[in-house]
Amino acid sequence: MRIRSHPIIDFKKRKELPFYFEKKKFVGEEGDTIASALHAAGVKTLTKSLKYDSPRGFFCGIGKCSSCLMRVNGVPNVRTCIAPLKEGITVEMQDKLGLLPDAEFFDKPKKTLQVNVLVVGAGPAGLCAALESAQHGASVLLVDENQCVGGQLIKQTHKFFGSKQERAGTRGIDIAKELENNVLQLQKEGKIQVMTDATVIGYYESDKNHRFGVVQRCEYLNSLYDVRCDAAILACGAMENMLLFPGNDLPGVYGAGAVQTLMNVYGIRPGDRVLMVGAGNVGLIVSYQLLQAGIAVDRVVEAAPVIGGYNVHAAKLRRCGVPIMTSHSIKEVCGDEKVEGAVIVRLDENWKPIKDSEEYIKCDTICLAVGLTPSTRLLSQIGVDSEYIPEAGGYVALHDDSMQTSISGIYVAGDASGIEEASTAMIEGKIAGLAAAIDLGCTKNKKLLTQYREELAHLRAGPFGEKPRIAKKKIAKMKETHHASI
Amino acid sequence: MHQYEKTGILCSKDFQIPTEEQLKKGVAILECVQEIPCNPCVASCPVHAISMKDINAPPMNDFEKCIGCTKCVGICPGLAIFVIKKVGKKAWVTLPYEFVPVPKVGDTVQALDRTGSLRGTALVKKVIKQGKTMVITIEIESTFAMDIRNIRV
């Protein structure tokens, strides 16, 4: 299941890590998560449905969907898709909800951290926000749930679009490295503190500044931090959308991002033959990356009458012989314990299935690339004003052109503020980071802020920028109206 | 609506086509027709043949200025630029390639068109590494010059 030969990524064999799954010995590699190591060994069933007892595998692969919860060293509900594999650990499928373990979770006492800016999420937006704030003199704490920083950039093996100044032509994986190096440099200089494998668990009462709880996972006891900050930038990203059809919870049905994570981060084949659902840029790009990893893509089906992604991405796939079928969707997935095939169906002009147009496809993997929803739970808990904006992908925090929400000092950036591209997420991060630094009195560089806003407007100016343009306009307008009504 | 929005495949009326004379010299064909925010090809051109009204406008190639140097082929993030040069009854097609294995000069490979259909064989004439993108020049029958856009090793 391991990919050893790849045109873009050098997958070297890493140190072997033995571990136990259901009392049997398995061997993973250093850098694996628990779920990726199990996948590499051919284990795709990680849990059972609470209601129907049917097998389940992970869907999102980035710690958001909860269908990978297992018991690790006796602790239930561990998100195995992001939990690092450690030598000698015991992994078990858990009974339903799991039993509360009889163990201490935290080392004591809790530690207090005082910083100017807390950045939640170290993807393209969060990394740029942290760098921008720190470079302008603010002290920064950057927190991310994953083992390493980079967010979704670390699996983007394709060259980015955009302007030459904004690193167009550079692969996402290389941008991630560059941003990480810049952050590490500032960490050395004491300007940024990076905390990986850590989760911001909530926002709490505080007399003056903002106050968050952060849990950093450690091998034995976890650490609890009481973080006091003047400003917080929430760049929590997004989560992939699920589609309703029979069999959508069978192991082997993944979000496109999960497939990308498995193959491009951990070097593991998600399967041998894939049906891609969705011909937006994500579906087209991930299909091409599957081919690059030596995995067959049977076809791409798209419910809309036209291909949503860039023609250049579609053309790349077509000249490799992959059909793209518009006005087609998935009807059901076939298989008992795992995906064995799927039935697709043609849709009429009202997007309704056409009778007797079904076709059976033999495949072992279904990849859903049907859009994303902003991750806004922490923002909701803080209590910022939110609205449902379809063009932004769901509920988003209302924000102004400095990315500040309805609560002073709470900023948002990237996909969490409305679904868009990594290139725009990076600029939004810079705007939030700089605006926070200006607000704290660390700098007065408003000219730079204007420049970033102009760059953002340029990137959104074309026909493919229409949705975010509408979304951001609505968000700004609603923010004003909300403000006026107070 | 354009047909390519349904199929993903461009036809000759969708993009700029050079004259026979220009093809003999060797020029870059920009198969990038939508308004997407992207411009690295413009900066990559040493003779300023590629231009763009603004970052969202499709790039235009001045075939008179273009020297067919192939620099833009490995730069384009969309892998959408091909250099075509007609040499007698043969044509040289330079295309971007991001798969393994990478062919060697002198190898015979399969020549595929825009739908991925096999249209014959091609002889590998040049292999240049541009970052992780391989820029590969193949020799094919001249009649297929505007059809062959991929290879299978």
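The values are calculated or read from the model by the stated rules, or taken from the named source; none is laboratory data. Keep in mind the model is a prediction, meaning the values are calculated, not measured. Because the Cβ atoms are built from the backbone with ideal geometry, glycine has one as well, and the counts that use them run over all protein chains shown.
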Picked from the stretch A:312-340 (must be within 14 Å of chain B (Cβ to nearest Cβ) and either hydroxyl-bearing (Ser, Thr, Tyr) or in contact with a Cys (Cβ under 8 Å, 6 or more places away or on another chain) (or both)), the residue farthest from B:Glu31 (Cα to Cα) is A:Ser327
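Residue by residue, here is whether (1) within 30 Å of B:Val42 (Cβ to Cβ); (2) in contact with a helix residue (DSSP H, G or I) (Cβ under 8 Å, 6 or more places away or on another chain); (3) within 14 Å of another protein chain (Cβ to nearest Cβ) holds:
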{"site": "A:Cys128", "(1), (2), (3)": "yes, yes, no"}
{"site": "A:Arg167", "(1), (2), (3)": "yes, yes, yes"}
{"site": "A:Asp174", "(1), (2), (3)": "yes, no, yes"}
{"site": "A:Gly190", "(1), (2), (3)": "no, no, no"}
Filter the stretch B:18-56 for residues that are closer than 20 Å to B:Ile138 by Cβ and among the β-branched types (Val, Ile, Thr); the one that is farthest from the other protein chains (Cβ to nearest Cβ) is B:Val27
Exception for A:Tyr388 within (1) among the aromatic types (Phe, Trp, Tyr); (2) in contact with a helix residue (DSSP H, G or I) (Cβ under 6 Å, 6 or more places away or on another chain); (3) free of Cβ contacts under 8 Å to residues at least 12 places away in the same chain falls at (2)
Log entry, pairs with first residue in the stretch A:1-14 being under 16 Å from A:Gln156 (Cα atoms) and within 14 Å of chain B (Cβ to nearest Cβ), second being β-branched (Val, Ile, Thr) and part of a loop (DSSP other than H, G, I, E, B), beta carbons closer than 8 Å, six or more apart or on different chains, reads A:His6/B:Val100; A:Pro7/B:Val100; A:Pro7/B:Val102; A:Ile8/A:Thr157; A:Ile9/A:Thr157; A:Phe11/A:Ile3
When restricted to A:Gly237, A:Gly252, A:Gly267, the only residue farther than 29 Å from A:Phe161 by Cα and not aromatic (Phe, Trp, Tyr) is A:Gly252
Of (1) touching a Leu at 6+ places or on another chain (Cβ under 9 Å); (2) within 21 Å of A:Ile62 (Cα to Cα); (3) in contact (Cβ under 8 Å) with a residue 40 or more places away in the chain, A:Gly394 satisfies every one except (3)
Looking across the stretch B:105-120 at residues that are within 14 Å of chain A (Cβ to nearest Cβ) and out of contact with any Lys or Arg (no Cβ under 9 Å at 6 or more places or on another chain), the single one that is farthest from B:Ala145 (Cα to Cα) is B:Ser117
So the strands (runs of 3 or more DSSP E) completely within the stretch A:20-111 holding 3 or more residues that are loosely packed, with under 15 Cβ neighbours inside 10 Å and either at pLDDT 90 or above or among the aromatic types (Phe, Trp, Tyr) (or both) are A:24-29
Residue pairs within 7 Å by beta carbon, gap of at least six or interchain, first lying in the stretch A:287-308 and at the interface with chain B (Cβ under 10 Å from one of its Cβ atoms), second of a type in the set (Phe, Trp, Tyr), listed first then second, are A:Gln292/B:Phe99
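Could we say that B:Val42 is part of a helix (DSSP H, G or I) and buried (at least 22 other Cβ atoms within 10 Å of the Cβ) here?
No.
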Taking the stretch A:371-381 and keeping residues surrounded by fewer than 20 Cβ atoms within 10 Å (Cβ to Cβ) and not hydroxyl-bearing (Ser, Thr, Tyr) leaves A:Gly371, A:Arg377, A:Gln381
If we ask which residues in the stretch A:426-451 are crowded, with 21+ Cβ neighbours inside 10 Å and more than 19 Å from A:Val384 (Cβ to Cβ), their number turns out to be 5
The residue from A:Leu262, A:Leu243 that alone is in contact with a Gly (Cβ under 7 Å, 6 or more places away or on another chain), of a type in the set (A, V, I, L, M) and touching a residue at least 40 places away in the same chain (Cβ under 8 Å) is A:Leu262
Given the structure, is B:Glu64 more than 24 Å from B:Glu141 (Cβ to Cβ), surrounded by fewer than 19 Cβ atoms within 10 Å (Cβ to Cβ) and more than 14 Å from chain A (Cβ to nearest Cβ)?
yes
